[in-house]
Amino acid sequence: MKFLLGTKQYMTQVWDEQGRAVPVTVVAAGPLTVAQIKTAEKDGYTAVQVGFGKAKRVTKALAGHLKELPQVKHLKEWRVDDVSGYTRGQSIDVSIFKKGDAVTVSGTSKGKGFQGVVKRHGFKGGSRTHGQKHSEREPGAIGGAARAGGRVAKGMRMAGRMGGDRITVEGLTIVDVLPEENLLLIKGAVPGRRGTVLEISAA
């Protein structure tokens, strides 16, 4: 299984062999350091734990866990069927992917603060006519005798905090790999703002 951690940089466009513009997201990915290998005999399952990013300071517990390894900012574990190809301290970089690979990208979406129902859920809003002045973006009725016995039903779509959710985008394509700069060019948009940590795995 192929996997990487990276940070979102920016969006741009490149041109393919036919001269068509292709929108891409530039991701600074890897290199990762294998921090721990989990086996079925010892841990009950097989997985590879990797570290990413440079940390200025770490806790004593993490420093002990990373003994003789570089101090890392992020730890992530991927479950794999076979761990025989991994060793503690091994480095994993962008060269594991190649142009044209299909990948799945997960990350945390941009936080948008407290938003109303029109922006958060796509409500139409109230009528612009018939004497209404201030109800263009209001949610309308939220309860009543006809719905759930006169109470507000669970899961009612209302105003509230928007964004900051874990988002997974499947079926993306790697347009180019730049090993000397540790960069991946992924077709289309990925979750988050600039600097968001992304999980990239083979689809």
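The test for being surrounded by 14 or more Cβ atoms within 10 Å (Cβ to Cβ) and in contact with a strand residue (DSSP E or B) (Cβ under 6 Å, 6 or more places away or on another chain) holds for Leu75.
Does Met158 satisfy the criteria of being in contact with a helix residue (DSSP H, G or I) (Cβ under 7 Å, 6 or more places away or on another chain), more than 18 Å from Thr25 (Cα to Cα), modelled with pLDDT of 90 or more and part of a strand (DSSP E or B)? Lay out the reasoning, then the answer.
Values: in contact with a helix residue (DSSP H, G or I) (Cβ under 7 Å, 6 or more places away or on another chain): yes; more than 18 Å from Thr25 (Cα to Cα): yes; modelled with pLDDT of 90 or more: yes; part of a strand (DSSP E or B): no.
It is false that Met158 is in contact with a helix residue (DSSP H, G or I) (Cβ under 7 Å, 6 or more places away or on another chain), more than 18 Å from Thr25 (Cα to Cα), modelled with pLDDT of 90 or more and part of a strand (DSSP E or B).
When Gly131 is tested against the conditions (1) part of a loop (DSSP other than H, G, I, E, B); (2) over 15 Å from Lys8 (Cα atoms); (3) in contact (Cβ under 8 Å) with a residue 12 or more places away in the chain; (4) not charged (D, E, K, R), the lone failure is (3).
For segment 36-50, give me each residue that is surrounded by 18 or more Cβ atoms within 10 Å (Cβ to Cβ) and modelled with pLDDT under 90. Within segment 36-50, no residue meets the criteria.
Only a single item in (1) within 30 Å of Val94 (Cβ to Cβ); (2) of a type in the set (Val, Ile, Thr); (3) in a helix (DSSP H, G or I) is not met by Val118, and it is number (1).
The values are calculated or read from the model by the stated rules, or taken from the named source; none is laboratory data. Everything numeric in this text was worked out from a predicted model, so none of it was measured. Backbone-built Cβ (ideal geometry, glycine too); neighbour counts: all protein chains shown.
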